[in-house]
1. Within segment 10-19, can you find the residues that are assigned to a helix (DSSP H, G or I) and among the small types (Gly, Ala, Ser)?
2. Would you check which residues across segment 2-19 are surrounded by 13 or more Cβ atoms within 10 Å (Cβ to Cβ) and in contact (Cβ under 8 Å) with a residue 24 or more places away in the chain and list them?
Amino acid sequence: QELSSEMRSAIISKYETGINVPALVTKFHASRTAIYNTINRWKNHHTVQSLPRSGRPEVLSRCEKRLLFCICRK
């Protein structure tokens, strides 16, 4: 499950005040990997927003898929 931007901001602020990662894991109930990824995202990109996903974007939107499904069912 992806962390919210508010939670990421809180993690960064607590980390910069000197709280270690195991304490952050227990405080925010997030995995150790999620905490480290958030810290690395901040160090490398200076943002707490989600980064663009890799891979090809989908051709059809959710509405277009539903329309095709309805047409095929008839």
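1. Within segment 10-19, Ala10, Ser13 meet the criteria.
2. Scanning segment 2-19 gives Leu3, Arg8, Ser9, Ile11, Ile12, Tyr15.
Quick note: the coordinates plus some simple rules give every number you see, no bench work behind them. The model shown is predicted, which means the values in this text are computed figures rather than measured ones. FYI the Cβ positions are ideal-geometry reconstructions off the backbone, even for glycines, and counts take in every protein chain you see.
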